[in-house]
1. Arg78: open to solvent by 40 Å² or more (accessible area, probe 1.4 Å) and closer than 19 Å to Pro18 by Cα, yes or no?
2. In region 12-26, how many residues are surrounded by fewer than 22 Cβ atoms within 10 Å (Cβ to Cβ) and either acidic (Asp, Glu) or modelled with pLDDT of 95 or more (or both)?
3. Could you look through region 27-46, keep only residues that are of a type in the set (Gly, Ala, Ser) and in contact with an Asp or Glu (Cβ under 9 Å, 6 or more places away or on another chain), and pick out the one that is most open to solvent (accessible area, probe 1.4 Å)?
4. Just checking, which of Ala132, Ala124, Ala138 is out of contact with any Phe, Trp or Tyr (no Cβ under 8 Å at 6 or more places or on another chain) and on the phi < 0 side of the Ramachandran plot?
5. Cβ contacts < 8 Å: first residue under 16 Å from Val36 (Cβ atoms) and hydrophobic (A, V, I, L, M, F, W, C), restricted to region 96-116; second residue open to solvent by less than 10 Å² (accessible area, probe 1.4 Å) and in a strand (DSSP E or B), any location; separation 6+ or different chain. Result?
6. So the check is Cβ under 6 Å with 6+ separation or different chains; which pairs have a first residue in region 17-37 that's within 15 Å of Glu146 (Cα to Cα) and in the same structural domain as Ala153 (by the TED database) and a second one that's polar (S, T, N, Q) and open to solvent by 30 Å² or more (accessible area, probe 1.4 Å)?
7. Quick one: is Leu89 open to solvent by less than 50 Å² (accessible area, probe 1.4 Å), assigned by the TED database to the domain that holds Trp136 and either within 17 Å of the chain's Cα centre (by Cα) or of a type in the set (Val, Ile, Thr) (or both)?
8. Quick test for you: out of Thr116, Thr121, Thr131, pick the one residue that is under 30 Å from Asp186 (Cβ atoms), hydroxyl-bearing (Ser, Thr, Tyr) and touching a Ser or Thr at 6+ places or on another chain (Cβ under 7 Å).
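The values are calculated or read from the model by the stated rules, or taken from the named source; none is laboratory data. Computed from a predicted model, the values in this text were never measured in an experiment. Cβ sites come from the backbone with ideal geometry, for glycine too, and all protein chains shown count toward neighbours. Ligands, DNA and RNA are stripped out before the accessible areas are found, and what is left, the full protein with its side chains, is counted by its heavy atoms. Shrake-Rupley method; radii C 1.70, N 1.55, O 1.52, S 1.80 Å.
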Amino acid sequence: MNDWFTQAGHGVRFEWGPVGASLLAEEVACLVVVDVLSFTTSVTVAVESGTRVFPHRWRDETAAVFADHVGAALAVGRSAATEASPWSLSPAALRRAPATPRLVLPSPNGSTIAATADGCTVVAGCLRNATAVGRWVAGQGYGTVERPVVVIASGEHWPDGSLRPALEDLLGAGAVIAALRRYGRDRLAPEATAAAAAYEGVGDVAATVTN
């Protein structure tokens, strides 16, 4: 692929969605997936309670088979959560649910990206852990031209399956990139610079995301 599309020569890169992730995962040492309103924020909540998370691409019968295979509880859709199966892709619901040692989180966006990014280290990033992610990624030596990192904003899908860029994921990705820059990673691709500027230009990120 043309170096212009892969943002070659830059230590910190930025791209959108599963297609961008699958292409750039082959070009980088580390991939940070950002799905603010669902998957990656749910991952941070689950991990804080000691849960090991397994991503899965599809929210269908294969998710239950996979959960049984890895010996994990299965997160269901937000409206399908019950007293017997209280885990869902809602971060708020996960905070209320009892801790489980292993949990499968299926989703068509962030989880798909995490499950299919072969060949590189995958990190879950969101607004609530952006500083920690930036510190960890830089501390592991990622984010240089020799060991680049790409931050992927998951986005949503239009009814026809095409990508719908999502503001909250742009801001979450920008927060991670801004943190990477604070930890000395300054070889940003233009796309990454623009994402960080979007985040830093918003006065009240929480109000912007929730309104």
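1. No: the conditions fail for Arg78.
2. Looking only at that region, the number is 2.
3. Ranking the candidates gives Ala29 first.
4. Result: Ala132 is the single residue among Ala132, Ala124, Ala138 that is out of contact with any Phe, Trp or Tyr (no Cβ under 8 Å at 6 or more places or on another chain) and on the phi < 0 side of the Ramachandran plot.
5. Ile113/Leu31; Ile113/Val33; Ile113/Ile152; Ala114/Val33
6. So the pair list comes out as Cys30/Thr121.
7. When the stated conditions are applied, Leu89 does not pass them.
8. Thr116
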